[in-house]
Amino acid sequence: MTLSAPQAPAGKLSRPAIEIDNLNKWFGSYHALRDVSLTVGEQEIMVVCGPSGSGKSTLIRCLNHLEEYQEGRICVFGQELARDQKSDRFIHQTMGMVFQNFNLFPHLTVLQNCTLGLTWLRKKTESEARDIAMGLLERVGIEHLADRFPGQLSGGQQQRVAISRSLAMDPKIMLFDEPTSALDPEMVKEVLDVMVKLAETGMTMVCVTHEMQFARQVADRVVFMQDGEIVEVGPPEQVLLHPQWDRTREFLDHIL
Ligand code: ADP
Ligand code: MG
């Protein structure tokens, strides 16, 4: 049940980037996503929160086909996603994803992690790929670590590499799945700062996070999920400060 209209607010967000229409997903007999409908506008920053097991990861993993879904439609920039290679290619060209546990290649250096997709998938030369990757590593403040291996970095630094690696592919949409949850508290800010800067560039972002300060600072809308449903969606001040639904209020009381 949705209390507020799931459409993007007017103004900044003229064109829909992602349209999710009545998505249903089962893991065996477990109904993990229940009639989820949501539109994310171009350049919108959408924060998704909700208790553990509520379907947040499943939802964003459906967006880039890391999970299959049984019912419903997902359109990205007007193109309906299908289970075929063309859609997979389109997804890889359009969306980047950052995971809780970084998912870096441990046997490659920071620089190699960032250039691999550029040389293999984008057919850039080594030197073009290096320039792009170094520019991005500089943007997130870790260009001096380019020749290290992931295991030699802090969690915050690894996550910044992961963000650079995604951005190297020039995505139009970035998906984040609890990017700071695996970090020691003192490293959370360095990653959130990078995400705030990215938001300011006009990137369309869907961020599963419980960092409510981040939500208040940059989110256009906050989605609250529970038991595979979108319970509430609206501007941060509405969902976070004046939740209309008891379940949202209980959750926020718990995490704030
Ligand atoms: P969240 O990210 O909100 O914590 P998830 O999307 O990971 O929640 O999971 C939603 C529900 O689906 C949970 O109950 C979880 O146990 C279940 N689930 C997730 N992945 C699988 C899977 N591969 N097989 C079976 N059940 C799963
Ligand atoms: Mg999750």
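The values are calculated or read from the model by the stated rules, or taken from the named source; none is laboratory data. As the structure is a computational prediction, the values presented were derived from the model and not from experiment. We place every Cβ from the backbone using ideal geometry, glycine too, and count neighbours over all the protein chains shown. Side chains are part of the model used for accessible areas, which takes the heavy atoms of the whole protein and leaves out ligands, DNA and RNA. Shrake-Rupley method; radii C 1.70, N 1.55, O 1.52, S 1.80 Å.
What to note about this one:
- Calculation over all alpha carbon pairs of the range 24-111 in 5 angstrom steps from 0 returns a P(r) of 3, 10, 20, 23, 20, 13, 7, 3, 1 percent.
- Computed over the range 60-129, the ratio Rg/Rh where both radii use C-alpha atoms and Rh is Kirkwood: 1.04
- The relative contact order of the chain comes to 27 percent, based on Cα pairs under 8 Å that sit 6 or more residues apart.
- With coordinates expressed along the principal axes, the C-alpha atoms belonging to the range 121-194 extend over 38, 28, 18 Å, beginning with the largest.
- Volume of the Cα convex hull of the range 107-256, divided per residue and given in Å³: 127 Å³
- What you get for the range 155-235, charging only the Cβ of Lys and Arg (+1) and of Asp and Glu (-1), is a dipole of about 320 debye around the Cα centre.
- Carbon and sulfur %, accessible surface of the chain computed with the full protein complex present, 1.4 Å: 48 percent
- Of the residues Ala199, His254, Gly78, the one whose Cα sits farthest toward the positive end of the charge dipole of the chain, with +1 on the Cβ of Lys and Arg and -1 on the Cβ of Asp and Glu, is Gly78.
- The largest accessible area among Ser127, Ser37, Ser29 belongs to the first residue in Ser29, Ser127, Ser37, and the rest follow in falling order (1.4 Å probe, all chains).
- For the chain, the solvent-accessible area with a 1.4 angstrom probe is 47 square angstrom per residue.
- Summing Cβ point charges (Lys, Arg +1; Asp, Glu -1) relative to the Cα centre of the range 15-90 gives a dipole of roughly 160 debye.
- Computed lengthening from Ser14 to Gln152, 0.36 nm per intervening residue step minus Cα-Cα distance: 45.3 nm
- For the chain: Kirkwood Rh in Å [reciprocal of mean 1/r, alpha carbons]: 18.7 Å
- Its Cα centre serving as origin, the chain has a Cβ charge dipole (Lys and Arg +1, Asp and Glu -1) of approximately 560 debye.
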